[in-house]
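The block underneath contains the structure these notes are about, expressed in structure tokens.
Please treat every number below as a calculation from the coordinates, not as lab data. None of these values were measured; they are calculated from a predicted model. When we count neighbours, we look across all protein chains shown, and the Cβ atoms used for this are built from the backbone with ideal geometry, even at glycine.
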Amino acid sequence: MDMLKQKFIDKASALGAEVKEILREHGERQVDKVTVSQVYGGMRGIKSMVWEPSALDPEEGIRFRGYAISELSRLLPTADGDAEPLPEGLFWLMLVGEVPTREEVRWVTDQWTRRSNVPSYVFKTLDAMPVEAHPMSQLTVAVMAMQQTSIFARRYAEGMNRTEYWDATYEDTMNLLARLPRVAAYIYRRTYFKGDHIPPDISLDWAGNFAHMLGISHPDFKSLMRLYLTIHADHEGGNASAHATHLVGSTLSDAYLSFAAGMNALAGPLHGLANQEVIKWIFQMMDALGTREPSEKQIEDYVRSTLSAGQVIPGYGHAVLRKPDPRFMAQRDFAERYIKDSPIVDTVWNIYKIVPPILQSLGKVSNPWPNVDAHSGALLVHYGMDQYSFYTVLFGVSRAMGVLAALCWSRALSLPLERPKSVTTAWIKKYLAAQPS
Ligand code: CMX
């Protein structure tokens, strides 16, 4: 058994025993009360699932196994000569709850390199699609094509014992994570560069090799990819892509089927697609104003016209966060360290000054602050990646680490089929009528 797998099952066995005990002693105790607004309102705040890799605090933002993003930058191993954390280290941390050593991170890089071969029929499947197909649709199709190679699906069909589900899920997770950069880079190059593909460089780390295969040659772009793939990896379990992965996984669908479901959720404009919408909106504003350097007054007028047209300001607001997203701040910090004089970055910073008070003044927006998507596109544009319809694929490659680490935990803890109860409005009315007001 490999060392990460061994470490994972040791931790999972210990936590599994603890959970059994918690359920035996406290199973009937109440965690929370549910309100009628929550029943109608997208289940906001209802505590109804466990998710080990990360937890989200409305004020402080995301913590991966208790560590804030600022701490990860200090604690996780980096590539030689780089300051940004290696995403492989975050995956290790999310899976087993320990900050890995340099050697352990190197081991993950090596594993993912060894497992990165993508069957040629997957590329042929992609080539059968029109290049105009949205890159997120292409990603889901490629993941579904790879499902044919699922170790979980094969072993399940052969009659696998349920005590081995976690093992097969771990194998699928490692293989899928290893292959995703290759698949995503293939989609990028076929969609925007007439299929002029760049072979992998196996001397590089996971994110560095991804940057290389995308074909963006600026050396800082590798650093950006390392940071980008780290900070987008997980946002606890209730967000739509994580929850969709979890829900589908709860039927014992394998990692490929489950992750593809999560990616379909990420492709929605209220979720991950917001990262493309932000830059699309900024480009539209610049075109409408006829300048690449809009003034604060011009931005303010454009924000108001967007709201009057009944549209949201993409990249602002959040279902849980109530402060500026630390992932936005981490990208701002990256821009401060690496980028001088970029009109697109300056515009993003000006939007950050202007949008929150306007949203606040509407009196209905729960969180007027920027989320992760408000900044990411500007960094990509700066390094020459202005094909914004690809941006959500980058988010998806990163998000795979969190949702698949969580899927390993679901299998190891034998979490059951997810099946919440729905009610009709007639039931709500009857229930309310029977309650003292
Ligand atoms: N611009 C304009 N109006 C906004 C807004 C924004 N950025 N954010 C919220 N509102 C509005 C909502 O549309 C809602 O209006 P109605 O009551 O008229 O329907 C009202 O404010 C209350 O919504 P909320 O409680 O503040 O926010 P929700 O939890 O319902 O939704 C989110 C959260 C992210 C969908 C919402 O803020 C939004 O649409 N933001 C823009 C899209 C975006 O950036 N999404 C990415 C989120 C991060 C990610 O998943 O990647």
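Key figures
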quantity: FRET efficiency, 1/(1 + (r/R0)^6) with R0 22 Å, evaluated for Asp80 and Arg115 via beta carbons; calculated: 0.45
quantity: DSSP H segments from the chain that extend 27 Å or more along their own axis, Cα-based, with Kyte-Doolittle mean of -1.0 or above; calculated: 3-26, 165-192, 343-362, 391-412
quantity: Percentage, to the nearest whole number, of Cα pairs in segment 274-382 over 19 Å apart; calculated: 39 percent
quantity: Contact order relative to length of segment 274-382, as percent, for alpha carbon pairs under 8 angstrom and 6 or more apart; calculated: 41 percent
quantity: Geometric extent, Cα atoms of segment 251-332 - Rg, Dmax (angstrom); calculated: 16.5, 53
quantity: Enclosed volume per residue, in Å³, of the convex hull spanned by Cα atoms of segment 324-391; calculated: 89 Å³
quantity: Semi-axis lengths (Å, descending) of the ellipsoid that matches the C-alpha gyration tensor of segment 129-244; calculated: 28, 18, 15
quantity: Loop sites in segment 281-374: trypsin sites (Lys or Arg not before Pro), DSSP, at most 15 other Cβ within 10 Å; calculated: Arg292, Arg322, Lys340, Lys364
quantity: Top of Thr251, Thr291, Thr230 by mean-square fluctuation, Gaussian network on the chain, Cα under 10 Å; calculated: Thr291
quantity: Dipole in debye (nearest 20) - segment 274-382, about Cα centre, beta carbon charges: Lys, Arg +1; Asp, Glu -1; calculated: 300 debye
quantity: Of every Cα-Cα pair in segment 335-437, the percent that sits beyond 15 Å; calculated: 78 percent
quantity: For segment 294-341 and segment 358-415, distance of Cα centres in Å; calculated: 14 Å
quantity: Interatomic Cα distance distribution for the chain, bins of 20 angstrom, percent; calculated: 25, 57, 18, 1
quantity: Charge sum, other residues only, whose C-beta stays under 15 Å from Asp10's C-beta, Lys/Arg counted +1 and Asp/Glu -1; calculated: -3
quantity: Average Cα contact separation per residue, the chain, under 8 Å, 6 or more apart, as relative contact order %; calculated: 21 percent
quantity: Mean separation of Cα contacts under 8 Å, 6 or more apart, over the residue count of segment 35-95: relative contact order %; calculated: 23 percent
quantity: Loop-located chymotrypsin sites (Phe, Trp or Tyr not before Pro) in segment 174-265, at most 16 other Cβ atoms within 10 Å (DSSP); calculated: Phe193
quantity: Full-extension gain in nm, Lys280 to Met160, via 0.36 nm per residue minus C-alpha separation; calculated: 38.4 nm
quantity: Whole-percent pair-distance distribution, where bins are 5 Å wide, for the alpha carbons of segment 1-126; calculated: 2, 8, 12, 14, 14, 14, 13, 11, 7, 4, 1
quantity: Length gained when the stretch Val131-Lys20 is fully extended (0.36 nm per residue, less Cα-Cα span); calculated: 34.9 nm
quantity: Label zone at Ser422, where the point sits 7 Å out along the Cα-to-Cβ direction: segment 230-273 residues whose backbone N lies under 17 Å; calculated: 244, 247-248
